[in-house]
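A short worksheet on the structure shown next.
The values are calculated or read from the model by the stated rules, or taken from the named source; none is laboratory data. Computed from a predicted model, the values in this text were never measured in an experiment. Neighbour counts run over all protein chains shown; Cβ positions are idealised from the backbone, glycine included. All accessible areas refer to the heavy atoms of the entire protein, side chains included, with ligands and DNA or RNA removed. Shrake-Rupley method; radii C 1.70, N 1.55, O 1.52, S 1.80 Å.
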Amino acid sequence: MSRPWVLISGASSGFGEASAQQLAKEGWNVLLTSRREERLEEVAQTCRSMGATVHVEAWDMRDRRATQEGVEDLMKRAGIGTEENNPFLGALVNNAGLAVGKGPFDQGLDDDWDRMLDTNVKGLLFLARACVPFMTAGSRMVNMGSIAGKQVYPGGNVYCASKHAVDALSQAMRIDLVDRGIGVSQICPGAAETEFSNVRFKGNQAEADAVYQGYDPLVAQDIAEAVSFVLSR
Ligand code: NDP
Ligand code: 8X3
């Protein structure tokens, strides 16, 4: 049987990178996206060394048109089509996202709010909408939620709201797609040590490191294995 195709967003680091490698190892062909093309190429090389066919395309998920065109281009390169006889997209790992800043909402910055809401909510929606036409009964979408989408914590206001939106959208997408046989799952990790906190604290590595002191955080591989588990059900 030919290898199924999965598209992974946020594949240049953290959960997305680890998921790409895990799924390539398990027999998937992978389509990788994020903004940093060089980093995607490095991940692609590792996945190819595991026998996967890989296509890479970099774009900013906040850009509606770029997301639509990027998905269509990746599908074309993979030979995935909307006709009955074409191969289809077996899975979407809708993972790209970020937190920017942490503090009381009344000291929040417009740009930080825009980046979080435009990426985590609208970007996730743009990507899901663009991918659905290439999916079929049995395909699976995995949205990357968070414990922050279930509980709110001090200073987390807008990031938590964006992940609560992912929680709501995952439930809504599940309802909307069930009649087409497309499954929608959400994974809601707790704190994991990736580039997440470096991004949140705008490159302040000391502040980022402090987040993970005093306990053992999850690591990206833990979440990659959760993604793999979901896709294997
Ligand atoms: P990383 O910062 O390591 O990875 C984030 C990924 O998202 C990168 O590949 C980044 O790529 C991509 N990305 C960010 N903004 C955009 C954009 N505008 N367009 C396209 N790609 C974008 O963090 P994680 O791996 O930890 O985070 C992955 C997901 O998991 C996020 O949705 C995050 O909210 C969520 N999460 C993280 C937790 C944690 O504690 N780490 C816990 C729970 C959930 P590039 O910069 O190349 O565009
Ligand atoms: C990331 C986990 O707890 O830092 O979603 O918000 S947390």
| What number of residues in the range 189-233 are open to solvent by 50 Å² or more (accessible area, probe 1.4 Å), in a strand (DSSP E or B) and of a type in the set (A, V, I, L, M, F, W, C)? | 2
| said: Given the condition surrounded by fewer than 19 Cβ atoms within 10 Å (Cβ to Cβ), in contact (Cβ under 8 Å) with a residue 24 or more places away in the chain and among the charged types (D, E, K, R), answer yes or no: does some residue in the range 157-176 qualify? | reply: no
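Go through the range 91-111 and count every residue that is surrounded by fewer than 19 Cβ atoms within 10 Å (Cβ to Cβ) and not in a loop (DSSP other than H, G, I, E, B). Write out each step before concluding.
So the first thing to find is which residues in the range 91-111 are surrounded by fewer than 19 Cβ atoms within 10 Å (Cβ to Cβ), and the list is 98, 103-111.
Those still in the list that are not in a loop (DSSP other than H, G, I, E, B) too: 105-107, 110-111.
Qualifying residue count, the range 91-111: 5.
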| task | Report whether or not S185 is closer than 30 Å to E83 by Cα, assigned to a strand (DSSP E or B) and hydroxyl-bearing (S, T, Y). | result | yes
| note | Among V43, V54, the single one that is in contact with a Cys (Cβ under 7 Å, 6 or more places away or on another chain) and crowded, with 19+ Cβ neighbours inside 10 Å is V54
| task | Sort out which residues of the range 49-69 are of a type outside the set (D, E, K, R), out of contact with any Leu (no Cβ under 9 Å at 6 or more places or on another chain) and under 18 Å from N120 (Cα atoms), and write them in order of number. | result | W59, A66, Q68
| Subset tally (residues that are out of contact with any Ser or Thr (no Cβ under 7 Å at 6 or more places or on another chain) and touching a residue at least 24 places away in the same chain (Cβ under 8 Å)) for the range 89-114 | 11
| Candidate set: the range 1-23, residues that are away from ligand 1 (no atom under 16 Å from the Cβ) and in contact (Cβ under 8 Å) with a residue 24 or more places away in the chain; chosen: the one surrounded by the fewest Cβ atoms within 10 Å (Cβ to Cβ) | S2
| In the range 138-162, which residue that is closer than 24 Å to L177 by Cα and assigned to a loop (DSSP other than H, G, I, E, B) is farthest from ligand 1 (Cβ to nearest atom)? | G138
| note | Of the candidates V152, V158, V142, V178, the one satisfying the condition of being within 23 Å of E17 (Cβ to Cβ) and aliphatic (A, V, I, L, M) is V142
